[in-house]
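Single-structure report; data block below.
The values are calculated or read from the model by the stated rules, or taken from the named source; none is laboratory data. Note that the coordinates shown come from a computational prediction; the quantities given were computed from them, not determined experimentally. Every residue, glycine as well, gets a Cβ built from its backbone with ideal geometry; the counts of neighbours run over all protein chains shown. Surface accessibility is based on the protein's heavy atoms, side chains included, excluding ligands, DNA and RNA. Shrake-Rupley method; radii C 1.70, N 1.55, O 1.52, S 1.80 Å.
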Amino acid sequence: MRYHPPGPFLMRRKDGDDLEIKNYVIPKNAVILINIWATSRDPRIWPNPDSFKPERFLNREVDFKGHDFELIPFGAGRRICPGLPLAYRMVHLTVASLVHNFDWKLEPGIRPEDVDLTEKFGLSLKKAIPLKAVPTKP
Ligand code: HEM
């Protein structure tokens with residue numbers, strides 16, 4: 001959710017009047033794209049952002065439910081994802097069920113270091129090359 005946010009851009013429209021922030025003018029009615037893909041990889045916020053280190057969250061009280069803007073995979077504010085409570089429960093359950101019930105291997109001839117994690121951008125973020133994992137009996 002941090003490194004590969006399914007929705008890489010949040011979209012907002014500036015209502016009211018023009019607004020000036022740090023010498024930039026945001027005109028009223030402007031459509032603003034908020035790049036949470038970039039903020040989730042900003043080394044000023046996330047040391048060694050490219051490393052898979054789940055323990056980075058252990059000593060950090062970061063909340064992903066729209067309160068801490070450094071991690072907002074479900075957005076924030078009035079337009080926050082209404083599916084958050086469902087996704088919050090189902091993602092863990094789905095992954096845990098798949099890991100618990102099967103052993104997994106890659107396609108013949110593909111080594112773990114060959115797996116390409118390149119992303120394909122759009123309104124949602126996908127793997128550029130789909131991962132083919134083969135379930136085997138435990
Ligand atoms: C891992 C799962 C999910 C992620 C990461 C996710 C992420 C997001 C994000 C980033 C937004 C935009 C929020 C904003 O602009 O502040 C959004 C909006 C939305 N999501 Fe999700 N979502 C997920 C699952 C779901 C599910 C399970 C549902 C429905 C059952 C759902 C329904 C919606 C709807 C209807 C909106 C539009 C809300 C609006 O514009 O007012 N999402 N989601």
*Charge dipole magnitude, Cβ of K and R +1, D and E -1 - segment 27-127, Cα centre, debye nearest 20*: 480
*Inter-probe distance in nm under a simple model that places probes 7 Å from Cα toward Cβ, at ASP63 and LEU123*: 2.9
*Label-point separation (nm) for ASN23 and THR136, each offset 7 Å from Cα along Cα-to-Cβ?*
6.1
*asked:* Please report Rg (one decimal) and Dmax (integer) in Å for the Cα set of segment 44-122.
replied: 16.4, 48
_Pair MET11, HIS100: separation of 7 Å Cα→Cβ label points (nm)_ = 3.8
*asked:* To test your reading of the geometry: what angle, between 0 and 90 degrees and rounded to tens, separates the Cα axis of helix 84-101 from the longest principal axis of the chain?
replied: 20
*asked:* Checking the cross-link filter: which aspartates and glutamates have an alpha carbon closer than 19 Å to that of LYS126, excluding same-chain neighbours under 8 positions apart?
replied: ASP50, ASP114, ASP116
*Quick one, what does Rg over Rh come out to for the chain if you take C-alpha atoms and the Kirkwood Rh?*
1.04
*Pairs of lysine residues in segment 1-118 - Cα separation under 28 Å, sequence separation of 8 or more or cross-chain*: 7
*asked:* Just want the answer: with Cβ charges of +1 for Lys and Arg and -1 for Asp and Glu, which residue in ALA128, LEU71, TRP37 is farthest toward the dipole's positive end in segment 13-138?
replied: ALA128
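Using the Kirkwood radius over C-alpha pairs as Rh, can you work out the diffusion coefficient of segment 1-60 via Stokes-Einstein at 4 °C, viscosity 1.567 mPa s, in µm² per second?
In µm²/s, the coefficient rounds to 94.
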_Å² per residue, accessible surface of the chain at 1.4 Å_ = 79
*Quantify, in whole percent, the carbon and sulfur part of the accessible surface of the chain (1.4 Å probe; protein heavy atoms only).*
60
